[in-house]
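The values are calculated or read from the model by the stated rules, or taken from the named source; none is laboratory data. Every value quoted in this text rests on a predicted model; they were computed, and no experiment measured them. Every residue, glycine among them, receives a Cβ derived from its backbone with ideal geometry; neighbour counts consider all protein chains shown.
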Amino acid sequence: MIGAVVTALEGGADGAMPMLAASDTLRRAWHGWKLDAGGHVTISIAPDAQGFVYDRILKAHRDHAAREATDDAAWRNWAGMTVTMVEGEEKNLKVTRKEDFALAEALLGGGDVRTGQRL
């Protein structure tokens with residue numbers, strides 16, 4: 001996946017983002033109450049790692065410094081940068097919340113870790 005991001009940047013894109021099709025049913029909610037399913041909409045999840053041409057994303061941050069965003073994708077939108085979507089990977093786990101750490105440890109601790117082979 002990282003290779004696909006780099007390849008897109010080398011191919012001339014201002015940025016590249018891995019995308020995964022959402023597999024869960026998504027609903028809009030307000031204060032915990034289900035409102036609607038939003039109709040048939042294709043939703044994708046944008047996991048890390050995003051990649052951007054440094055001078056372009058830096059300019060976007062500087063030009064839109066008064067705004068707040070959760071990631072670089074917002075700044076690239078405001079700056080009108082071109083971004084190539086690449087295939088994401090399910091195993092690319094974003095570790096943000098406390099429970100994410102437990103999941104990551106479980107996934108990584110499931111067997112022997114080997115860095116080479118003996119013949």
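Tabulated values for the structure
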| read-out | value |
| --- | --- |
| Residues satisfying the stated conditions in segment 57-73, i.e. in a loop (DSSP other than H, G, I, E, B) and surrounded by 12 or more Cβ atoms within 10 Å (Cβ to Cβ) | HIS64, ALA69 |
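Yes/no matrix, rows are residues, columns are (1) at pLDDT 80 or above; (2) surrounded by 12 or more Cβ atoms within 10 Å (Cβ to Cβ):
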site: HIS31; (1), (2): no, no
site: LEU35; (1), (2): no, no
site: ASP55; (1), (2): yes, no
site: MET85; (1), (2): yes, yes
